[in-house]
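So the structure is just underneath, and the comments pick up after that.
The values are calculated or read from the model by the stated rules, or taken from the named source; none is laboratory data. Everything numeric here is computed off the predicted structure, so don't read it as measured data. For neighbour counting, all protein chains shown are included, and Cβ atoms are generated from backbone atoms with ideal geometry for every residue, glycine included. Accessible surface is based on the protein model in full, side chains and every heavy atom, while ligands, DNA and RNA are left aside. Shrake-Rupley method; radii C 1.70, N 1.55, O 1.52, S 1.80 Å.
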Amino acid sequence: RGDETKGGNPNIKISYRSGEFALSVTVSHLSEQAGTDSKGRPIMTRAPRVEGKLWLPEKHRLKVWELLLSGAPYNVELIRGRDGRYRVHITFTVTAPEPVTSSNRGYLGIDTNPDGVALANVNYFGQPEPWPEGFEVPYPKALHKFAGEFQVTVQPNGFLYIKIPELAYSRGYRRTYLIGVLAKVAVDMAKALGKPIALEDLDFGKDRL
């Protein structure tokens, strides 16, 4: 488990030297008793440490390096595979980012549908206002297999509809992935506008049927 007061993790430490990451593990159960102190408490020898190279995917290296420099605590799980190789799961505890939107500018309203989302650009009083000049919906690069996979219909009065037809019939991980792509597009739009997101709160309880 991570510990901010002990350099991120007291027993398993990640280091970065000469462009490479390394992982050192304290084997605490191999520490031996070397005697007792004046109060009869055992004095243990320093536990040996085992160090090895740590390979990280390129897309994660910069972020891990930044977190190490910040002294952020991190949890580490070592998993030995059937091939004899060790895999490492690293989890960092990070602070929530500061909000970059303000309700004084209005809101980005979202209405969810089976095949996409409808969005409305509204002012502080809830009145629709035109999209800013030059504003474009961020197109997700991941969706480029076929024409029509990601459809955007823009209305000049501050409304638009983003449609991903595959959402209506895809299942499992694919559908979860598409929902994530759509959510990122909506969040990126809200950040570009500097507005918080407003969602409808529906109640599908039995008394509402």
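Observations on the model:
- Lone unmet requirement of (1) small (G, A, S); (2) under 25 Å from P97 (Cα atoms); (3) without any contact (Cβ under 8 Å) to a residue 12 or more places away in the chain for A190: (3)
- Exclusive hit being open to solvent by less than 70 Å² (accessible area, probe 1.4 Å) and over 19 Å from the mean Cα position of the chain (by Cα), set L167, L182, L178, L199: L167
- Within the stretch 129-156, the set of residues being at pLDDT 90 or above and more than 18 Å from K191 (Cα to Cα) comprises E149, F150, Q151, V152, T153, V154.
- Segments classed as strands (runs of 3 or more DSSP E), wholly inside the stretch 21-137, with at least 3 members that are surrounded by 14 or more Cβ atoms within 10 Å (Cβ to Cβ) and of a type in the set (G, A, S): 116-122
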